[in-house]
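Structure incoming, see below.
A short reminder: the numbers here are calculations on the coordinates, not readings from a lab. Quick caveat, the model's predicted, so the values are computed rather than measured. A quick note on method: Cβ atoms are made from the backbone with ideal geometry, for glycine too, and the neighbour counts reach across all protein chains shown.
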């Protein structure tokens, strides 16, 4: 090893060992390099790197194949990773890292990530391997990473963050864990500025991580840093073209270009895996532009998100109750509470929302445990019960979350997220009518979609000042629907993967004139 600046020799050594000693050699080489760096360059190194230890090279090879498949982030490759890690453990039951990675792969196959397994089942498959990894080696970074993911999906973000922090303390170069830290800090805890720092670290350590770069680009877009986002998009295009298309869609659909969002999702499906998750996103986008039958054809007639977008809260309640039969998941209970509140069944919604509010630590964040819609629903429920004074803490929490957005430089509006809308709704619910309506109008003008038939928003719907806002949203919906149909109903470039229903394209020729 040489120092480039002075061209001086820092370290060299030769090793004569049998192949069976490969892992020991790795440890010896790592320790020697660290020692040389400390002595010659006066560097402080957190710890001596540890080589992967397995009973034999065959187990290690299976582990490496599993790791390769994991980073592809599709259902098929995740299932393949599970098989490889299971093979490694069959060969070497004491292989702690294989247990840890198997736990993570099982978790990533839940319905909310890259697979179709109900979350409770994914957790039950993963938990024994996460525990085994920790028991085999409590100082293993991967064991803490697996434990962190397990706690995160069990709705305990503080415990998850503690394990992630321990993982990067053990291995400061553990790039993907910084990404997971960023998710917990942002979605669960609302620490948006700290989350962005963690993402920057993750991208610097592993520029080729698809999921990390995806989250980083979304964060840049949310901050209005479009030139940087475009550069990062260009870097993603060659290594993950389907993910590139998803992000390009977000970038190009800003400003209310909803048809561009739908077409971009079709581009992504044409390039990448035709996954259930991707088709669900497409279905919800079709619902936004008013193509109800097309949305249900893709997602099924009982899809919760599509039903809410189409303004059918009673049907959404039935859909979530059906899901609860085989997926007793806290996230599903939250969906049930929103559906109940949207349908006006405040008595049934209240205990679930209050439980979620307490479990959140009375904190509102952008996109997970207790969001703006849950807060608005609980405020309406309390007021309906004559408990208006109890709403103050909820309004303060909404405004505190908006303050954290601004502190972190987040201020954009997308189809399903708008800082202006959240700030405006807080103002409106606090009695600042003119300010609230002005901010809500700006959000809609910039392309945010307001759900059309939620009982807990009825006071807003009934306000005469909301009528022009709703009219603006409906006009955009019709305009963007026509833009979309003009593409897919003539010479459909997506015919190989998706075709509109015959009745969808009636009268399209008139749209083009």
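Could you give the length gained on full extension between residue 297 and residue 495, defined as 0.36 nm per residue of separation minus the Cα-Cα distance, in nm?
69.7 nm
Rounded to the nearest 0.05, what FRET efficiency do residue 169 and residue 347 give with R0 = 56 Å and r taken as the Cβ-Cβ distance? Could you check?
FRET efficiency, residue 169 to residue 347: 0.75.
Given the peptides 472-484, 76-88, arrange them by the average over their residues of other C-beta atoms within 10 Å, most packed first.
76-88, 472-484
Ranked highest first by the average count of other Cβ atoms within 10 Å around their residues, in what order do 402-410, 208-216 fall?
Per-residue mean Cβ counts within 10 Å order the peptides as 208-216, 402-410.
How much length would be gained if the chain were fully extended between residue 359 and residue 461, taking 0.36 nm per residue of separation minus their Cα-Cα distance, in nm to one decimal?
Stretched fully, the residue 359-residue 461 segment lengthens by 33.7 nm.
Show me 253-261, 296-304 ranked by packing, highest mean number of other Cβ atoms within 10 Å first.
Taking the mean over residues of other Cβ atoms within 10 Å, the ranking is 253-261, 296-304.
Once both labels are modelled 7 Å past Cα along the beta-carbon direction, what's the residue 68-residue 200 spacing in nm?
3.5 nm
Next question. Stretch residue 432-residue 471 to full length: gain in nm at 0.36 nm per residue minus the Cα-Cα span?
Gain on stretching residue 432 to residue 471: 11.8 nm.
May I pose another question? Could you check the spin-label model distance between residue 61 and residue 403? Points 7 Å from the Cα along Cα→Cβ, value in nm.
Here the answer is 6.0 nm between the modelled labels.
At what distance in nm do the modelled label points of residue 451 and residue 139 sit from each other, each positioned 7 Å from its Cα along Cα→Cβ?
Label-label distance for residue 451 and residue 139, simple model: 5.0 nm.
Suppose only helical runs count, i.e. DSSP H with n ≥ 4. What mean residue ellipticity at 222 nm does that imply for the chain under -39500 (n - 2.57) per run, divided by all residues and rounded to the nearest 500 deg cm²/dmol?
Rounded to the nearest 500, it is -20500 deg cm²/dmol.
Let me ask another. Based on the Cβ-Cβ distance of residue 387 and residue 235, what FRET efficiency does E = 1/(1 + (r/R0)^6) give at R0 = 60 Å, to the nearest 0.05?
The computed FRET efficiency comes out at 0.70.
Could you let me know the centre-to-centre spacing of the range 193-222 and the range 444-513, using Cα atoms, in angstrom?
33 Å
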